1. Order these by the 10 Å Cβ neighbour count, fewest first: LYS367, LYS450, LYS322, LYS334.
2. How much length is gained on full extension from ASP5 to SER72, taking 0.36 nm per residue of separation minus their Cα-Cα distance?
3. Please say if region 105-320 is rounded, prolate or oblate, where rounded means a/c under 1.5 for a ≥ b ≥ c the square roots of the C-alpha gyration tensor eigenvalues, and otherwise the choice is prolate for a/b larger than b/c and oblate otherwise?
4. Which GluC sites (Glu not before Pro) from region 198-268 combine a DSSP loop assignment with at most 13 other Cβ atoms within 10 Å?
5. If you wrap a convex hull around the C-alpha atoms of region 271-333 and split its volume per residue, what is the figure in Å³?
6. If the chain between LYS420 and ASP89 were fully stretched, how many nm would it gain, using 0.36 nm times the residue separation less the Cα-Cα distance?
7. Between VAL363 and LYS334, what is the label-to-label distance in nm when each label sits 7 Å out along the Cα-to-Cβ direction?
8. Between the DSSP loop rule and a limit of at most 15 other Cβ atoms within 10 Å, which chymotrypsin sites (Phe, Trp or Tyr not before Pro) in region 39-78 are left?
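Just so you know, all these numbers are worked out from the coordinates, no wet-lab data involved. As the structure is a prediction and not an experimental result, all values here were calculated from the model. Every residue, glycine as well, gets a Cβ built from its backbone with ideal geometry; the counts of neighbours run over all protein chains shown.
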Amino acid sequence: MRAMDLQTIVKVTGAKVLSQKDTQFSGIGTDTRMNLQGQLFIALKGEAFDAHSFVDKAVEQGAAALLVHNESPLVASLKSKVTILLVPDTLKALQQLGNWARHESSARIVGITGSNGKTTTKEFTAALVGSVMDVHYNKGSFNNHWGVPFTLLQLHPKKDVAIVEMGMNHAGELTELVHIAEPDVVVCTMVGRAHMEFFGTIEKIAEAKEEIYEAAGDKTIRIYNLDNAQTHNMYVKAREKFPKARILTFSSEDPRADVHLMISSMNMNEISVKGSIGGVENTSRIQVFGAQNLTNLMAAASIGLAVGLTPEQVWAGLPACKTNWGRNQLVHLKSGAQMIFDAYNANPDSMKALIDNMKLLSVQGRKVGVFGQMRELGPASAALHEELGAWVGKAGFDKVYFIGEDAEAFSKGLSSAGYKNPSWVEKDYQESAGQDLAKFLKKDDIAVVKASRGTKLERFVFPCEPLDFAEKQ
């Protein structure tokens, strides 16, 4: 975490000093369950908790200073123990400090958003660019109004590149994040039907995603996916709207794109790609599963070109790309069966992509589908789960499981597709469901497991005695 001093904090945030003890701080913290020794504790107020109620715990954990926007009796009682700073809004102050840290570093900042693939693209980019340059990025999805400034505050001044994931579920959020990070390179991986609950239409989602380009500076390098209808439209507008900006493109369909890759073969363990990167033709084998990862690989390759890698260096870095926990993760089971665990996130488009992959995959044993609730779909949720059931019913699964609130709608879709094989469809998870899956799977079978993170489909994995799988840390 970036060290800072009292004078800098006051200058950046306009804070009022209520008490002064220490003036040098080793970093910032917001969690009173962690060691805060020597840190500035920022009392953030969230939907569920207000950290102003725990400032005494922060001091007990070693915090050297408190940044607050509420001068409560509890805060006042700590004036003799620590430095206390008062600001109008602690979240805004955190964001101001994040922007300050961004300007204290010489790193080129990369901003990544997208309905699907932004976290995987971030990880691929870190691996690919990191094979040549010194890269900073946050593991996990630190992509919101507090995660982005945290990522920047952890940035060492002498890093070459910082990769910042940017998420949103309301209009205006990406504009705010771009103003905090002021990225040198921006990309929207694709626009799909995530967050339908908040936007209602895919056109509204596209407008919100386009903010990453609209809010960026004139000299920011903009990267566009030509294969997605929404991002292709953004590209067409960008050529006239940003005449001074450098624009890069990627596509599996258009060989004129700066990055043009196609899948030549695919199995459970890897995909083989061929094509052109920056005008240089080559082939590569990458140990990831699923055709949908081609978009993420092309986006990462485009970012590599944008930050200064040669085409040859990008090609050489592609095999370093790997997927992380819950994202097309290959799991080996004691029975000899295998599992694709992709239950970190889900929406209708990512569900369809995975189901399409399973259709193409030839296996010696049987195919089993384990699915769960997709969240943040709003009034369209039942209809979209019925649609999911229809897709699953036509995909050739030998057995299907589903748990979630829209179980009835999923079952309706499954039936409409003429699915006749065994199924287990319930609103709530039961241990008997996981045990049933474990008994069903035999050597050479393949199970695919996918849902939104809150559904906790890892509960289906552990009864199957995985050999290389652990709880999410």
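1. Arranged by neighbour count, lowest to highest, LYS367, LYS450, LYS322, LYS334 become LYS334, LYS322, LYS367, LYS450.
2. Extra length available between ASP5 and SER72 comes to 21.7 nm.
3. On the way: a/c = 1.42, a/b = 1.19, b/c = 1.19.
Rounded.
4. Values: sites: GLU203, GLU207, GLU210, GLU211, GLU214, GLU240, GLU253; in loops: GLU210, GLU253.
Hits after loop and neighbour filter: GLU253.
5. So the per-residue Cα hull volume is 85 Å³.
6. That works out to 113.4 nm of additional length.
7. That separation, rounded to one decimal, is 2.0 nm.
8. Filter output for region 39-78: PHE49.
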